[in-house]
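Step one of this worksheet: look at the structure below.
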Amino acid sequence: MYAFDYQRASDAQGAVKTLAADADARFLAGGQSLLAAMKLRLAQPSTLVDVTRIPELKTVQVDGKAVKIGAAVCHADVAENAQIRNTLPALADLAGRIGDRQVRALGTLGGSLANDDPAADYPAAVLALNATVVTDRRRIAADDFFRGMYETALEPDELIVAVEFQAPERAAYEKFRNPASHFALTGVFVAKHAGDVRVAVTGAAPSVFRARALEDALKANFTPEAARAVTIPADDLNTDLHASAAYRAHLIPVLAARAVAKASG
């Protein structure tokens, strides 16, 4: 690990100001990806600006079906929050299955989204639930946020402050996980909104994406059988040491069917 400076931010404005003045500085949230990269000398930030103590980034607000979660809220707190479990149980369930206990205790919602790992769980929830990512300067719709592998719409000095969700009529997440990392080898989040269905897939491609064929099938018939009958092309999916593109293509409708069954149960 290379030498670096450490700063603890007390407010979002101060944190952003530091990064605006130093192109090599980085925000530090849970550090589950960044610190690992630094240990391997794959990343060399000049300064780490710790945003986990900023009060506004640590709050959870639930008002009716509206759920607003601060960017520095850790996975374990999302999973265990009684209001989230009552209003948006699919999101709490997803958070409770991220990584292991240490990862859930340290990793954060905002950090996961800003990193946009191809196999991360939260991006599937944000995209399927049509959430809004709130930053220090603007609001970004989920469909506009994810751009590609480890690439988002964020500017280099832009800080995620919170994520806003609207609870759908039904929702569920299913994943086939890597047994070592617990990342999603393939994960599918299905959300039935009023007059609409959104299906987001993670772990199968360079970035999270919406499965339009599954959405169309489930709009017509929201059943496991309808999901299972959809064929997903393998052309743009990942092949790696864990699974082939064809296997991931097979998993997507299978997992979607399981998610529909869970959401309907």
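Bear in mind these aren't lab numbers, they're just calculated from the coordinates by the rules spelled out. Given the structure is predicted, the values throughout are model-derived calculations rather than measurements. Methodologically, a virtual Cβ is constructed for each residue, glycine included, from the backbone with ideal geometry; neighbour enumeration extends over all protein chains shown.
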- Over segment 169-265, relative contact order from alpha-carbon pairs under 8 Å, at least 6 apart, %: 30 percent
- Listed residue pairs exceeding 20 Å between alpha carbons, taken from LYS65/LYS192; LYS192/LYS262; LYS175/LYS219; LYS17/LYS68; LYS175/LYS262: LYS175/LYS219; LYS17/LYS68
- In whole angstrom, how far apart do the alpha carbon centroids of segment 47-100 and segment 1-41 sit? 21 Å
- Note on the structure: Under the 7 Å Cα-to-Cβ spin-label approximation, ALA220 and ARG139 lie apart by a distance in nanometres of 3.5 nm
- Note on the structure: Summing -39500 (n - 2.57) over every DSSP H run of at least 4 in the chain, dividing by its residue total and rounding to the nearest 500, the 222 nm mean residue ellipticity is -9500 deg cm²/dmol
- segment 112-195 shape via C-alpha gyration tensor axes, a/c threshold 1.5: oblate
- Note on the structure: Any trypsin sites (Lys or Arg not before Pro) in segment 17-120 that lie in a DSSP loop and have at most 12 other Cβ atoms within 10 Å would be ARG41, ARG53, LYS65
- Query: What spacing in nm lies between the two simple spin-label points modelled at ARG147 and ASN178, each 7 Å away from Cα in the Cβ direction?
  - Reply: 2.4 nm
- Task: Only Lys, Arg, Asp and Glu count, each charged at its Cβ (+1, +1, -1, -1), so figure out the dipole size of segment 5-50 about its Cα centre, rounded to 20 debye.
- Result: 160 debye
- The size of the Cβ-based charge dipole (Lys, Arg +1; Asp, Glu -1) of the chain about the Cα centre, to the nearest 20 debye, is 660 debye
- Lys/Arg Cβ at +1, Asp/Glu Cβ at -1, dipole of segment 169-265 taken about the Cα centre: which of GLY265, ALA245, PRO206 is farthest positive-ward? GLY265
- Query: Expressed as a rounded percentage, what relative contact order does segment 91-192 have, with Cα pairs under 8 Å and six or more residues apart?
  - Reply: 29 percent
- Scanning the chain for helices, which whole DSSP H stretches are 24 Å or more long along the axis (Cα) and average -1.0 or more by Kyte-Doolittle? 245-264
- Message: Which of LEU48, LEU57 has the fewest other C-beta atoms within 10 Å, and how do the rest follow up to the most?
- Response: LEU48, LEU57
- Task: Report, to two decimal places, the Cα Rg of segment 5-50 normalised by 2.2 N^0.38 Å (N = number of residues).
- Result: 1.10
- With unit charges on the beta carbon (Lys/Arg positive, Asp/Glu negative), name the residue among ALA66, THR152, LEU19 whose Cα is farthest towards the positive pole of the charge dipole of the chain. ALA66
- Footprinting proxy, LEU113, LEU237: sorted fewest to most Cβ within 10 Å, the residues are LEU237, LEU113
- Please label the shape of segment 145-247 as rounded, prolate or oblate, based on the square roots a ≥ b ≥ c of the eigenvalues of the alpha-carbon gyration tensor (a/c under 1.5 means rounded; beyond that, a/b larger than b/c means prolate, else oblate). oblate
- Quick one: compute the contact order of the chain, relative version, from alpha carbon pairs under 8 angstrom and 6+ residues apart, as a percent. 15 percent
